[in-house]
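Single-structure report; data block below.
Each reported figure results from applying straightforward, stated rules to the coordinates on display, with no laboratory input. Remember, predicted model here, so these are calculated numbers, not experimental data. Cβ sites come from the backbone with ideal geometry, for glycine too, and all protein chains shown count toward neighbours.
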2 protein chains.
Amino acid sequence: MNLHDMIYEQAKEAKAASRRLGVLPSPIKNKALEAMAYALEERASVILTANKEDLEAARKKGTKRSFLDRLMLDENRIHAMADGLRQTAALPDPIGEGEWETVRPNGIEIRRVKVPIGVIGMVYEARPNVTADAAALCLKSGNAVLLRGGSEALRSNRVISSLLAKAAYEAGIPEGALQFIDSDDREAVGEMMRLKGLLDVIIPRGGAGLIQRIVKESQVPVIETGAGICHTFVDEGADLDMALQIAVNAKTSRPSVCNAMETLLVHEKEAEAFLPKLAEAMREKKVELRGCERTCEIITDAEKATEEDWATEYDDLILSIRVVKDIDEAIEHINRYNTGHSESIVTCDLQRAHRFQQEIDAAAVYVNASTRFTDGFEFGFGAEIGISTQKLHARGPMGLNELTSTKYLIYGEGQIR
Amino acid sequence: MNLHDMIYEQAKEAKAASRRLGVLPSPIKNKALEAMAYALEERASVILTANKEDLEAARKKGTKRSFLDRLMLDENRIHAMADGLRQTAALPDPIGEGEWETVRPNGIEIRRVKVPIGVIGMVYEARPNVTADAAALCLKSGNAVLLRGGSEALRSNRVISSLLAKAAYEAGIPEGALQFIDSDDREAVGEMMRLKGLLDVIIPRGGAGLIQRIVKESQVPVIETGAGICHTFVDEGADLDMALQIAVNAKTSRPSVCNAMETLLVHEKEAEAFLPKLAEAMREKKVELRGCERTCEIITDAEKATEEDWATEYDDLILSIRVVKDIDEAIEHINRYNTGHSESIVTCDLQRAHRFQQEIDAAAVYVNASTRFTDGFEFGFGAEIGISTQKLHARGPMGLNELTSTKYLIYGEGQIR
């Protein structure tokens, strides 16, 4: 079978399965998730063998070390995947939950309840654990799923997804609800993007290139995730010790993730007091500094930042710094260069804190806290399928609730209009 | 200026205006809506003159009578537009409303509040009143808007939108928040579809051709509206008098709208008793009947329905009828041919009513009521910008709430992760 026919058939099977999966009671879904967790642990050695082959092939291609680390599985990581499945089983099931209801003057009763979206296409890159995480969240929220992982993890993902699908089916999940696209052909993503009418949404997780390709070309609705040019603004009169702690945390606790800070803005009245301390702390963490003209006067060994720096998500130990004359300039800079992810102000002034939260256009706007908290687990959702940086459907960390749609249920006694 | 540059500039202006509009207090928005209503009434004669020119040009092109009727404005219709603006002013403002909040174990406080989407692109066909309705709903919900009406209504829409924009500006709405695309070039829609990063969403209202073109080609997220192949299923043991009233209402009260019924399904045990009565009532209303084989045995003058009939939105006085052997066959038929809009079961059986609501995949699922109620006003939203037939962001009638996004506001005291 060619690629098109294969993927089309898989999507059709997923759609058929989604009808039955969507009305399945929670206990069956939860039992299935437990069984899936058990299957991964029981067959860990098969997963590790496949993963070893993936790693060897990637090494031969001369893949970067950080990439290999993300691809690599060991016993601990498999247990972590299984734990993720169990944690998802323990979360409340959003499906069927009432959101709103009314009785109209003519007597019809209208309720809006949460229902599954239907069939979700997940397109992701190297980490094989996403296979288990995405499968768990989609099934728990009553959605069928088409999984398309990165080609470097093909062998690992193939084994993981087939263990998961088998365990799910045996525990009562409709056959075909969990589909793995077993191909390393780049065109597989192209085929998914044309599955309008079968796929209800595509959620890409990965680099900006992948995401922008899908956003531009997909006929299926897309939820954009993950691009994060996050800022921290140190306001006039801020607690500079707090600002330093927040800045160091936001930049260095995990520089490769989307909620890490890329640019620090500092009020001109604090620049002379703050920037030398900042430079020292960042140097200790081996962060390369790039600054505006005024910054370079204070931090004399900082490189000059270019226009491109303000618009770059480094995902690395690099920080750009700009001195601004007031909060207006800070807000203007952020709304111009940010990606709508997470922004923070460090301030003692209530009015400016409020203005910042009102006027900054982003999924999460912080006062006196690190942008690193933008995360489904940190927000208490118990899980996360990605962080939406768009404004439709879901914005910010996406948990189970964000994988649902709604339906109006109306009861009448013969009403006509 | 060429078309591309013109539309790009308008979108940029709208985006700049949206920042200020998004944080504007309700009273200013409401006063502006009142002023806009007054402007339409005060300058009714200018609108009518422009509308006359549109009508003459359309008549010369030999446009259909029903189309001319939709294009036509008179004093009453202008008052109705103005009243719509005033009603929108009187609705509660969703912006800033809290949706959810939590305090996390580390002490950070997280709130999710409603914010405007940003800049909305409205693409619509002949009715000039959509210009006023859409402008009102977008401004009230804090969104800037790019309006692109049908070319036949260009002169009417130009006058209406310029009166609205002027009145809005004078009442304190930021300049540029209401933009009218003053071109009858079909490529204008193409330009809008490429405004990724400036437009946050496109909402098309009109025929299936327009909507499908935008869904397929747009790089900007789209909310699909309005396609309605709606069904009524008359169950075994249903109250046949009620079923008849509902069917006649759903088919004939306004056959050209999307929530009208296109196909009636009837349980085989009720077919002989029900269909002759139905045929008589429908004949009185001049409805053409097309049936399955069994239907044609009972209603001998019904035409034979083809596969295409089941998949057609007639928007006209035509009804297709199919006899089914049970509720399973009814659900299967509906989930195969429907467009996810509105479906109804007429039944006395609680369990089957519940199953129908659970298993039918549509925005609105009725028990013992006409599908014609799927409408923002009938649902009590006080307004409607369209009826979404997709599952992301909004499903069913879209009022002010559906024109909002969300933002997480987080307060901390120096928390780091």
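Rounded to whole Å, how close does chain A get to the rotation axis onto B by Cβ? Give me the residue too, please?
Nearest to the symmetry axis by Cβ: A:HIS393, 2.
Out of residues 5 or more away from A:ILE345 or on other chains, whose amide H comes under 5 Å of its own, with H placed 1.01 Å from N in the peptide plane?
The list, which skips near neighbours in sequence, is A:PHE233, A:TYR366, A:VAL367, A:ASN368, A:ALA369.
Using the beta-carbon distance between A:ALA16 and B:GLN358 and R0 = 22 Å, what value does 1/(1 + (r/R0)^6) give for FRET efficiency, to the nearest 0.05? Can you show the working numbers first?
On the way: r = 16 Å, r/R0 = 0.75.
Given R0 = 22 Å and the Cβ-Cβ separation, E is 0.85.
Rounded to whole Hz and in sequence order, give me ³J(HN,Hα) for region A:258-264 from the Karplus expression 6.51 cos²θ - 1.76 cosθ + 1.60, θ = phi - 60°, writing x for Gly and Pro.
Result, ordered by residue: 6, 8, 6, 6, 10, 9, 10 Hz.
So if each residue of separation counts as 0.36 nm, and I subtract the Cα-Cα distance between A:GLU109 and A:GLU303, what length gain in nm does that give? Provide the component values of the computation, followed by the final result.
Numbers: separation 194, 0.36 × 194 = 69.84 nm, distance 6.52 nm.
The span from A:GLU109 to A:GLU303 would gain 63.3 nm if fully extended.
Given 37 °C and 0.692 mPa s, how large is the Stokes-Einstein diffusion coefficient of the protein assembly as shown in µm²/s, with Rh as the Kirkwood radius over Cα pairs?
On the way: Rh = 28.7 Å.
Estimated via Stokes-Einstein, D reaches 114 µm²/s.
Within region B:151-165, find all residues whose amide N lies under 19 Å from a label point positioned 7 Å from the Cα of B:VAL46 along Cα-to-beta-carbon.
Within reach of a label on B:VAL46: B:153-165.
How would B:ASP185, A:ASP200 line up from fewest to most surrounding beta-carbon atoms within 10 angstrom?
Working: B:ASP185 12, A:ASP200 23.
Least crowded to most crowded, the residues run B:ASP185, A:ASP200.
Find every distance from the label point of A:ALA57 to the corresponding label point in the other copies (7 Å from Cα along Cα→Cβ) and write them in nm, one decimal, shortest first.
In ascending order, 6.0 nm.
With n ≥ 4 as the cut-off for DSSP H runs, can you work out [θ] at 222 nm for chain B, using -39500 (n - 2.57) per run divided by the number of residues, rounded to the nearest 500?
Numbers: 15 runs with 183 residues, N = 417.
Theoretical 222 nm ellipticity from helices: -13500 deg cm²/dmol.
In nm², what is the average projected area of the convex hull enclosing the Cα atoms of chain B?
Values: hull surface 96.4 nm².
Averaged projected hull area, Cα only: 24.1 nm².
Determine which lysines satisfy two conditions relative to B:LYS285: a Cα distance under 24 Å, and not lying fewer than 8 residues away in the same chain.
Of all the lysines, those that pass the test against B:LYS285 - Cα under 24 Å, at least 8 places apart if same chain - are B:LYS64, B:LYS251, B:LYS277, B:LYS304.
Express as a percent, rounded to the nearest 5, the fraction of DSSP beta bridges in chain A (both residues included) that run antiparallel. Before the final figure, lay out each step's value.
On the way: 17 of 56 bridges.
Expressed as a percentage, antiparallel bridges in chain A total about 30.
Rounded to whole Hz and in sequence order, give me ³J(HN,Hα) for region B:196-208 from the Karplus expression 6.51 cos²θ - 1.76 cosθ + 1.60, θ = phi - 60°, writing x for Gly and Pro.
Values, residue by residue: 4, x, 10, 8, 8, 7, 10, 10, x, 10, x, x, 4 Hz.
Can you give me the long-range amide H partners of A:ILE117? Hydrogens built in the peptide plane at 1.01 Å from N, cutoff under 5 Å, separation of 5 or more residues or another chain.
A:SER405
Output wanted: per-residue J couplings in Hz (rounded whole) for region A:146-152, from phi through Karplus 6.51 cos²θ - 1.76 cosθ + 1.60, θ = phi - 60°, x for Gly and Pro.
9, 9, 10, x, x, 5, 5
Roughly how many debye, to the nearest 20, is the charge dipole of chain B about its Cα centre, given +1 on each Lys and Arg Cβ, -1 on each Asp and Glu Cβ, and no other charges?
Working: 52 positive and 65 negative charges, 308 e Å.
Its charge dipole is roughly 1480 debye.
With a 10 Å Cβ neighbour count serving as the proxy for reagent exposure, in which order, fewest first, do A:ASP315, A:ASP309 appear? Walk me through the intermediate numbers first.
On the way: A:ASP315 17, A:ASP309 21.
Taking fewest neighbouring Cβ atoms as first place, the list is A:ASP315, A:ASP309.
Amide H of B:GLY291: which non-local residues (sequence gap of 5 or more, or other chain) have their own amide H closer than 5 Å, using H built in the peptide plane?
B:GLU303, B:LYS304, B:ALA305, B:ILE321
Among B:THR371, B:MET1, A:THR374, pick out the residue whose Cα is farthest towards the positive end of the charge dipole of the protein assembly as shown, where Lys and Arg carry +1 and Asp and Glu carry -1 on C-beta, about the Cα centre.
Working it through, the farthest residue towards the positive pole turns out to be B:MET1.
Say a label goes 7 Å from Cα toward Cβ at B:MET1 in every copy; what distances in nm does this one have to the rest, shortest first?
Shortest to longest, the spacings are 5.2 nm.
Placing the label point 7 Å from Cα along the Cα-to-Cβ direction, what are the distances from A:VAL46 to the equivalent spots in the other copies, shortest first, in nm to one decimal?
Spacings between copies for this position, smallest first, are 7.5 nm.
Cβ under 12 Å from A:GLU175's Cβ, A:GLU175 left aside: what net charge do those residues give with Lys, Arg +1 and Asp, Glu -1?
Details: positive: A:ARG20, A:LYS166; negative: A:GLU13, A:GLU170.
Local charge sum for A:GLU175: 0.
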